[in-house]
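Values in this text are rule-based calculations from the coordinates and carry no lab data. Computed from a prediction, not measured in an experiment: that's the story for all the values here. Don't worry about glycine lacking a Cβ; one is built from the backbone with ideal geometry, like all the others, and counts go over all protein chains shown.
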Amino acid sequence: MKVVSFCRVLFVCSVIFFLAGCAGTQNSGSSQPPAAGNSGQSEVVQKLAKRYDRAFVAPFTIAPEYGKDYPDAAATLQRSMVEGLKAGKKFSRVETLNKKKPVTGRALIVKANITKLRIASTSARFWGGPFVGSSGIELELRLVDGATGKVVRTKKMSSWNNSWAASWNFGASDRSLLDDVGKIMAKYILQTIPEQ
């Protein structure tokens, strides 16, 4: 009788423990608190002072302590963001910045530096599940006016997944982190471009 009772208590505690892990949140976008009166639903993006018709993307950089563990991360993030910018169709051209050719006219130069990165491996997520921890990225995005060379916008962005949810989907959100954040970056940049 005591064994059955102990098993029931253990089962109920396990269910509560696992359900509590599903209650986490994912932070994408700014790591700053939402503006007053915004209630955290969605960020209101301030438009840039002028419209740009071309975008040049400088090679993304990554902090050295993360670059050695994730050598392809900056390129993957950049590729995803470029695809998002092209799909948004607000720029007549989106291409890689060539330092030998001067940028003139209404061109926007996009630069990004990954300041923090952690991606749980598939095997770690399989064996350790949620106890491996969250995968996430923090970066600084800079938008530069191509004609003047002045920085027109700086934005800190971050996204961290829920380790319990990542375990539930067998690490799919770990593997798609860079592609997802690249799309978020593209969406943000497209929102900053004025219509006229």
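Here are a few things to note about the model shown:
- Charge tally in the Cβ shell below 11 Å around Tyr188, where Lys, Arg are +1 and Asp, Glu are -1, Tyr188 excluded: +3
- Database remark: amide H of Lys116 closer than 5 angstrom to the amide H of Glu138 (H placed geometrically; neighbours at sequence offset of 5 or more, or on other chains; Pro and chain starts carry no H).
- Scalar couplings 3J(HN,Hα) for the range 149-154, obtained by applying the Karplus form with A = 6.51, B = -1.76, C = 1.60 to θ = phi - 60°, are x, 7, 6, 9, 7, 10 Hz; x denotes Gly and Pro.
- Computed extension length for Asn113-Thr76: 12.0 nm, one decimal, from 0.36 nm per residue of separation with the Cα-Cα distance subtracted.
- Derived scalar couplings between HN and Hα for the range 88-93 equal x, 6, 8, 10, 6, 9 Hz in order, rounded to whole Hz, by the Karplus curve 6.51 cos²θ - 1.76 cosθ + 1.60 (θ = phi - 60°), x for Gly and Pro.
- Potential lengthening between Phe6 and Lys86 on full extension [0.36 nm per residue; Cα-Cα distance subtracted]: 22.9 nm
- Ordering of 58-64, 97-103, 121-127 by burial proxy (mean other Cβ atoms within 10 Å per residue, highest first): 58-64, 121-127, 97-103
- Spin-label model distance (nm) - Ala58 vs Glu140, 7 Å beyond Cα toward Cβ: 1.1 nm
- For Lys90, the aspartates and glutamates whose Cα comes closer than 17 Å to its Cα, not counting residues fewer than 8 places off in the same chain, are Asp53, Asp145, Glu195.
- For the range 33-133, the ratio of Cα radius of gyration to the globular rule of thumb 2.2 N^0.38 Å stands at 1.42.
- Net charge of Cβ neighbours under 10 Å - reference Arg142; Lys, Arg +1; Asp, Glu -1: +2
- J(HN,Hα) series, the range 105-110, from Karplus relation 6.51 cos²θ - 1.76 cosθ + 1.60, nearest Hz, glycine and proline x: x, 8, 10, 10, 9, 9
- What the Cβ-Cβ distance of Ala49 and Phe131 gives, at R0 = 45 Å and to the nearest 0.05, is a FRET efficiency of 0.40.
- Residue pairs, from the table Lys50/Lys116; Lys50/Lys99; Lys47/Lys100; Lys89/Lys116; Lys89/Lys155; Lys68/Lys101, whose Cα atoms sit over 26 Å apart: Lys50/Lys116; Lys47/Lys100; Lys89/Lys116; Lys68/Lys101
- Close amide H pairs (under 5 Å, H built 1.01 Å from N) link Lys90 with no residue at least 5 positions away or on another chain.
- The fraction of Cα-Cα pairs per 5 angstrom bin, counted from 0 for the range 51-192, comes to 2, 10, 19, 20, 18, 13, 8, 5, 3, 2, 0 percent, rounded to whole percents.
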